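The values are calculated or read from the model by the stated rules, or taken from the named source; none is laboratory data. Here the structure is a predicted model, which is why all the values come from computation and not from measurement. Here the Cβ positions follow ideal geometry from the backbone for every residue, glycine too, while neighbour counts run over all protein chains shown. Just so you know, the surface numbers come from the protein's heavy atoms only, side chains and all, with ligands and any DNA or RNA stripped out. Shrake-Rupley method; radii C 1.70, N 1.55, O 1.52, S 1.80 Å.
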Amino acid sequence: MVHETWSNRAMFILAAVGSAVGLGNIWRFPYLAGENGGGAFVLVYLACVLGIGLPVLIAELIIGRRGRCSAVASARSVARESGASGGWAIVGWLGILAAVLILSYYSVIGGWLVAYVPITATGTFTGADAAAVSARFGAFLADPWVMTGAHAVFMAITVGLVAQGVRKGIEAAVRVLMPALFLLLVLLVVFAMVEGAFGEALAFLFVPDFSAITFGVVIEAIGQAFFSLSIGMGAMITYGAYLDRDTSIPASALTVAGADTLVAILAGLAIFPIVFAAGLDPSGGPGLLFQSLPFAFGQMPFGALVGTLFFLFSLFAALTSSIALLEIVVSWAEEHRGWPRAQATLIVGAISFVLGLATVLSFNRLSGFAPLGFLPGLEGKTIFDLLDLLTNNIMLPVGGILIALLAGWVMKQSVIAEEYGAGVLRGPWYLMLRYVAPVAIGLVLVFAFIA
Ligand code: TRP
């Protein structure tokens, strides 16, 4: 099945950036940096994006453009083209499983944004001190019904957008919303620079304490690089399938990775000055965004308006990612199961919604429930923590190894050269893909979990 190509090159970039930029940048990157020693994490993260993420992203786009199909069919066809087993389709299957699992909690956190739009708009945070802001978040977490409602709204919007077919929707949304989110983030960074503890934040984020770098930190950084770039699960294979012949794959990958990293750093620069000025704990976990920025909104002029816009734009950024997550599964169900699109969308959305309830409960009723707590290293981990660990720190890195092996060792070098194009740095990229990426990911996985 040959897909149509993007209406033009810029639109491919916008859609790929739209899928990459989301909760990973604004919500997950800051709290992981906070939990894993700040500068140590940021440094390792940047190294992982350059040394592992970028090579794998290029590989996914190459596999997609060569295969011109969904991740499952593209992986199978590029393997067969080079005389290898069609069993490489496993890359796509793993990706579909990861997409369902990630969407289940992505939608719950997306729901937090949904809820925070009206909470902020009604002036809840105007003049509020840090304790009041944290208490408001605590009250939100404690109520599974409100959180489930917000999760339902987020999933319903995602399902609605995907059911209508996404092309026009994504392109229009991303073209307007990405620049808007970017400008608003810059504004927040300026506010944080003037009013927050900017020097302390800079030192925290960019002066690495090398002794804080452990295998645990490195696997978190690898997982975050994969999550944030939307790689390791074949999603970018799907995007590559829409790419036209004369677009440079390495240049596109560099643009996507650059934009993604910039937004994450801006989010960190907006959040941490507030964290330190308000005396919050940088290692406060998944609530960090919702406990820090609303405090700033309460202090700045027009803060209720700025805050509402911030949560709204972040929500749109999350939606351009969630529609891509759902699309991965739906396009597979259409192609391989022959389900009508609307029906496939509803069924997959419903499954992810129900799975998401486990994440909702992980923040309240089941916050003390650690299903695998008897295993060393998993003590106290909630269902949400385990889902996050399984997908981001295990499934995506394993998917990344498989993709690196498929493009680096299985596919013929002539095919790879043709798809990479005349672009510079093909030699170094190929070395990174063949040796550095799979060995580094493999070793870190082994040391972080087994040793
Ligand atoms: N990159 C997205 C974010 O940062 C999350 C994500 C991970 C994703 N894998 C994906 C989005 C696959 C679309 C497709 O929020």
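Before moving on, here are some points about what is shown:
- Accessible area (Å², per residue) of the chain, counting only protein heavy atoms and a probe of 1.4 Å: 37
- Angle in degrees between helix 90-121 and the longest Cα principal axis of the chain, rounded to the nearest 10: 20
- Qualifying chymotrypsin sites (Phe, Trp or Tyr not before Pro) in region 242-330, DSSP loop, other Cβ atoms within 10 Å at most 14: Phe302
- Legend: calculated FRET efficiency, Val424 to Leu187, from the Cβ-Cβ distance at R0 = 41 Å, rounded to 0.05, equals 0.70.
- Inter-centroid distance (Cα atoms) of region 370-432 relative to region 42-100, Å: 9
- Annotation: extensible slack from Ile347 through Val436 equals 28.1 nm (criterion: 0.36 nm per residue apart, minus Cα-Cα distance).
- Full-extension gain in nm, Arg9 to Arg245, via 0.36 nm per residue minus C-alpha separation: 83.9 nm
- Shape call, region 128-249: gyration tensor on alpha carbons, a/c limit 1.5: oblate
- Region 374-382 - phi-based ³J(HN,Hα) in whole Hz, Karplus 6.51/-1.76/1.60, Gly and Pro as x: 7, 8, x, x, 10, 4, x, 7, 6
- Distance between modelled label sites at Arg80 and Asp209, nm, 7 Å Cα→Cβ extension: 5.5
- The chain - convex hull of alpha carbons, volume per residue in Å³: 133
- Magnitude of the charge dipole for region 344-451, about its Cα centre and with charges confined to Cβ atoms of Lys, Arg (+1) and Asp, Glu (-1), is about 100 debye.
- Whether region 239-320 is rounded, prolate or oblate, judged on the alpha carbon gyration tensor where a/c under 1.5 counts as rounded: prolate
- Rounded tilt (10° steps) of 167-195 against the dominant C-alpha axis of the chain: 40
- With R₀ fixed at 45 Å, the C-beta to C-beta distance from Val176 to Ala142 puts the FRET efficiency at about 0.80.
- Fraction in percent of alpha-carbon pairs per bin - 5 Å, region 114-165: 4, 18, 20, 21, 14, 10, 7, 4, 2
- Label-to-label distance, nm, for residues given as Leu50 and Leu390 (7 Å Cα→Cβ offset): 3.6
- A simple charge model with +1 on the Cβ of Lys and Arg, -1 on the Cβ of Asp and Glu and nothing else charged puts the dipole of region 1-107 at about 280 debye relative to its Cα centre.
- Cα shape, region 167-309, gyration tensor, a/c 1.5 rule: oblate
- Distance (nanometres) between label positions extended 7 Å along Cα→Cβ at Ser367 and Leu97: 3.2
- Stretch in the chain that is longest and holds no trypsin sites (Lys or Arg not before Pro) that DSSP places in a loop and that have at most 13 other beta carbons within 10 Å: 1-244
- Region 9-450 - charge dipole about Cα centre, Lys and Arg +1 at Cβ, Asp and Glu -1, debye rounded to 20: 1120
- The slack in the chain from Val415 to Thr255, taken as 0.36 nm per residue of separation less the alpha-carbon distance, amounts to 55.3 nm.
- Between helix 288-299 and the chain: long-axis angle, C-alpha atoms, 0 to 90°, nearest 10: 50
- Legend: calculated FRET efficiency, Leu262 to Phe374, from the Cβ-Cβ distance at R0 = 35 Å, rounded to 0.05, equals 0.25.
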